[in-house]
Each structure stands twice: as C-alpha cells, then as structure tokens.
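*Asks:* Take this structure, written in structure tokens, and hold onto it; I'll ask about it next.
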Amino acid sequence: AAYKQAQQTVAGTDPGCHLPWQLLAAIGKVESGQARGGRVDAGGTTLSPILGPVLNGVGFANISDTDHGQYDGDSTHDRAVGPMQFIPSTWKTWGQDANGDGKKD
C-alpha cells in the first residue's frame with residue numbers, strides 16, 4: 001500500500017515521472033527486505049529503526065553528518081535510514097508525512 005501511495009503522490013506532483021510502484025517495491029526488497037519482513041505498525045511506521053552502516057569511509061562512502069543526528073542518531077557521520085535506505089540529506093529534501101502524524105519520516 002505504501003508503494004502504491006508513493007506512486008500516486010509522485011504522479012500528482014510530477015506527472016512526467018512515471019515512477020511505478022513495482023520499482024519502489026524492488027528497491028525496498030533489496031535495501032531492507034521490505035522493512036525487515038513487514039515490521040511496521042498499522043500506520044506504516046517501522047517498529048524499530050532501520051539504519052545502514054556508518055558512512056565513515058571504511059568500506060563505504062565518507063559522508064560527514066548532515067542532520068545533527070536527527071534521522072540517523074549519529075552526529076558524526078551519516079547513515080542510510082529507513083526501508084528505502086535514504087541518507088539524511090535526502091530525507092530532509094524529499095521526506096513525506098505519509099501516515100499523518102506531522103513528521104516527515
């Protein structure tokens with residue numbers, strides 16, 4: 001349902017994008033196993049944080065903190081966050097409040 005809602009939202013804000021929900025589902029499968037096998041509540045919020053590795057240049061990119069730890073809990077380096085594994089600067093720009101709780105998470 002979340003992927004279909006995202007497709008509809010993007011279609012309304014950028015009709016030329018043609019982002020299929022199936023592509024989002026494929027990304028979600030690769031990045032987090034569909035939120036660790038669907039570990040979300042009825043509103044679609046993950047039950048526990050989904051964090052990627054620390055992006056400190058050891059085996060991964062070196063990305064210094066961009067969010068003061070707001071999204072990833074790390075005020076030194078960034079980490080990918082959530083089922084789709086977006087880095088904090090992406091959340092800041094493109095995050096949505098899909099469950100109506102007032103937070104773009």
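The values are calculated or read from the model by the stated rules, or taken from the named source; none is laboratory data. The structure presented is a predicted model; accordingly, all values stated were derived computationally and were not measured. All Cβ positions, glycine included, derive from the backbone under ideal geometry; neighbour counts span all protein chains shown. The accessibility values were calculated without ligands, DNA or RNA, using every heavy atom of the protein model including side chains. Shrake-Rupley method; radii C 1.70, N 1.55, O 1.52, S 1.80 Å.
*Asks:* Would you mind listing the helices (runs of 4 or more DSSP H) fully within the stretch 1-102 where at least 1 residues are open to solvent by less than 60 Å² (accessible area, probe 1.4 Å) and among the aliphatic types (A, V, I, L, M)?
*Replies:* Once the helices (runs of 4 or more DSSP H) in the stretch 1-102 are filtered for at least 1 residues that are open to solvent by less than 60 Å² (accessible area, probe 1.4 Å) and among the aliphatic types (A, V, I, L, M), what remains is 2-13, 21-38.
*Asks:* Considering only the stretch 46-63, I want to know if a residue exists there that is of a type in the set (S, T, N, Q) and more than 16 Å from the chain's Cα centre (by Cα).
*Replies:* yes
Residues checked against (1) under 26 Å from GLN7 (Cβ atoms); (2) modelled with pLDDT of 90 or more; (3) touching a Cys at 6+ places or on another chain (Cβ under 7 Å); (4) of a type in the set (Asp, Glu):
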residue	(1), (2), (3), (4)
THR45	yes, no, no, no
GLY57	no, yes, no, no
ASN62	no, yes, no, no
SER75	no, yes, no, no
THR93	yes, no, no, no
GLY102	yes, no, no, no
ASP105	yes, no, no, yes
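*Asks:* Let me ask something else about it. Could you tell me how many of the residues in the stretch 9-19 are without any contact (Cβ under 8 Å) to a residue 60 or more places away in the chain and within 17 Å of the chain's Cα centre (by Cα)?
*Replies:* Looking only at that region, the number is 2.
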